[in-house]
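The structure under discussion appears below in the form of structure tokens.
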Ligand SMILES: Cc1ncc(COP(=O)(O)O)c(C=O)c1O
């Protein structure tokens with residue numbers, strides 16, 4: 001049996017007729033940017049997420065860049081201010097911060113949940129901290145009430161990177177629930193602003209690049225809409241030095257179709273994940289903590305394979321032996337990946353090198369003497385050495401899922 005890590009062909013084919021109709025409608029309309037399709041999708045996505053505004057933009061990285069840039073334009077943040085962020089995220093989260101000359105303050109994840117460890121945040125807050133940016137990595141909820149309380153206590157903005165978690169929910173409890181009258185809130189509506197990616201492989205994916213910001217803040221929304229349109233609020237009048245970062249009409253039309261099926265596709269992902277959780281049984285493999293279904297939309301299904309190489313922990317903490325470390329050198333995880341490939345199962349590592357060990361940040365000037373080249377973050381580095389993502393897609397058949405599990409359970413570490 002051959003099981004690709006992800007078949008975008010199959011995902012698109014599932015809604016082929018509706019997508020073709022939507023694309024042809026735009027083709028025949030003669031209107032390709034800033035039109036009705038964007039308006040519709042933005043309205044539907046804002047309703048879905050539960051925010052007042054949704055602003056479409058070119059991609060998920062831009063969505064995050066615009067949030068921080070708008071806060072700078074509004075005078076809420078200044079270059080050199082600090083943003084607390086998980087150390088084990090995809091590089092785009094960090095790029096959005098440094099692109100704005102803000103300083104990312106990296107906080108280690110909890111090794112069981114793989115999400116930012118909220119018990120480590122408060123000690124990293126300084127006078128220059130202006131925001132906490134949480135990342136719902138792998139489709140797993142990263143928000144905790146404690147994070148919300150810290151934002152209130154220190155007057156920090158809460159920015160969500162929701163690139164991987166469209167549809168994920170947080171259960172609102174107690175007083176907050178009575179006040180809001182709702183049982184849950186979706187990720188993307190839990191903080192002050194959220195960036196979303198519609199990269200094709202995402203749970204809500206376009207047929208090319210796409211992104212959006214969701215927020216309840218009118219001023220922020222207006223600034224972001226302008227920034228993503230050359231900095232203009234009125235034709236040929238420029239308030240900011242913006243860029244062209246718009247979502248085009250074809251992508252908006254396609255996303256509107258796929259949004260209608262998102263919850264149904266999420267349920268299929270959850271069924272596959274339930275089978276993985278219930279049946280993967282191999283002493284060499286650890287699974288991240290199982291969350292209730294509302295808190296995980298399973299964008300990816302990460303497993304961890306214990307590293308058997310001598311680990312960095314034995315070296316002097318605080319001093320990195322070599323700038324790029326030896327991340328990505330886990331013999332056992334790599335062996336498993338080859339074994340699965342030999343048996344027809346495609347996998348991907350998310351992510352082999354954590355941001356602080358990437359070449360682009362070795363001498364990055366805005367870290368202001370806090371260069372990352374000698375920084376050791378053992379948990380993030382361990383995850384980078386041990387993580388492997390199994391096939392996960394709403395188009396997988398149960399037969400395929402069963403096959404992946406049986407191959408995995410037979411693995412003896414060779
Ligand atoms: C966590 C995270 N943040 C941000 C991004 C950036 O999104 P995009 O690829 O649309 O720029 C991605 C996806 O690639 C991501 O996974």
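Every number in this text was worked out from the coordinates using simple rules, so none of it is lab data. No experiment lies behind these values; they were computed from the predicted model shown. Cβ: placed from backbone, ideal geometry, glycine included. Neighbour counts: every protein chain shown.
Can you tell which of 295, 264, 82 shows the greatest fluctuation in a Gaussian network model of the chain with Cα springs below 10 Å?
Its mean-square fluctuation being the largest, the pick is 264.
In a Gaussian network model over the chain where Cα atoms closer than 10 Å are linked, find which of 302, 104, 378 has the largest mean-square fluctuation.
Ranking 302, 104, 378 by mean-square fluctuation puts 378 first.
Let me have the 222 nm mean residue ellipticity of the chain computed from DSSP H runs of 4+ only, each contributing -39500 (n - 2.57), with the sum over all residues rounded to the nearest 500.
Numbers: 13 runs with 147 residues, N = 414.
My calculation for the chain gives -11000 deg cm²/dmol from helical runs alone.
Going highest first, how would you order 130-142, 154-166, 9-21 by mean Cβ packing within 10 Å? If you can, show how the numbers build up before the last one.
Numbers: 130-142: 26.2, 154-166: 24.5, 9-21: 13.8.
Output ranking for 130-142, 154-166, 9-21: 130-142, 154-166, 9-21.
If you count the DSSP beta bridges with both ends in the chain, what percent of them are antiparallel, to the nearest 5? Show your work: numbers first, answer last.
On the way: 26 of 43 bridges.
Expressed as a percentage, antiparallel bridges in the chain total about 60.
When N is the residue count of the chain, what does its C-alpha Rg come to as a fraction of 2.2 N^0.38 Å? Before the final figure, lay out the partial values.
On the way: Rg = 21.4 Å, N = 414, 2.2 N^0.38 = 21.7 Å.
So the Cα radius of gyration is 0.98 times the expected 2.2 N^0.38 Å.
Determine, for each peptide in 184-196, 67-79, the mean count of other beta carbons within 10 angstrom over its residues, then list the peptides with the highest first. Let's see the in-between values first.
Values: 184-196: 25.0, 67-79: 19.6.
Most protected by this proxy first, the peptides run 184-196, 67-79.
Over the chain, what relative contact order in percent results from Cα pairs under 8 Å that are six or more residues apart?
22
Taking the Cα atoms of the stretch 128-267, what is the range of coordinates along each of the three principal axes, in descending order and whole Å?
49, 40, 26
For the chain, set up a Gaussian network in which alpha carbons nearer than 10 Å are linked by springs, and say which option among 24, 259, 304 fluctuates the most.
24
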